[in-house]
Amino acid sequence: MAVFSTKLPVFVTSAAIRRIGASKTALIGTLGPILTIFFGAWLLGEPLSAWQLGGAALVLAGVMLISKISIKKGLHRLMGKTLLPHKR
């Protein structure tokens, strides 16, 4: 059991960093607590509180905001533009 809860996540995280990069891996990692809440409610019948749902909504909103910002930066780089003007 200890292998699955400690060593396996380290190897999976390392593989994810190699494949999709550190920033995307970190964004996906922030979804872990949300998935834990929902799987606990679904599989174990644990009650969901309004605080948990509100916190989950805030985390999801943050992930979506950061994802849109990073996508926007990538598009601007591809098109030769920057979000912030260069200071001279």
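Quick one: Karplus J couplings for the stretch 40-57, per residue in order, coefficients 6.51, -1.76, 1.60, θ = phi - 60°, nearest Hz, x for Gly and Pro?
Working through the residues one at a time gives x, 5, 6, 8, 10, x, 5, x, 9, 9, 5, 5, 5, 5, x, x, 4, 5 Hz.
Can you give me the solvent accessible area of Leu60 with a 1.4 Å probe, rounded to the nearest 10 Å²?
80
Quick check on the stretch 1-65: take the gyration tensor over C-alpha atoms, sort the square-rooted eigenvalues as a ≥ b ≥ c, and tell me if it's rounded (a/c under 1.5), prolate or oblate.
oblate
Order Ser23, Ser14 by their accessible area, 1.4 angstrom probe, all chains in place, largest first.
Result of the area sort, largest leading: Ser23, Ser14.
Could you tell me which residue out of Thr36, Ala50, Ala61 lies farthest along the dipole of the stretch 1-76 toward its positive end? Charges go on the beta carbon: Lys and Arg +1, Asp and Glu -1, centred on the Cα centre.
Working it through, the farthest residue towards the positive pole turns out to be Ala61.
The values are calculated or read from the model by the stated rules, or taken from the named source; none is laboratory data. Predicted model only: the values in this text are computed from it and were never measured. Virtual Cβ from ideal backbone geometry, glycine too; neighbours counted across all protein chains shown. Side chains included, ligands, DNA and RNA excluded: accessible areas come from the protein's heavy atoms. Shrake-Rupley method; radii C 1.70, N 1.55, O 1.52, S 1.80 Å.
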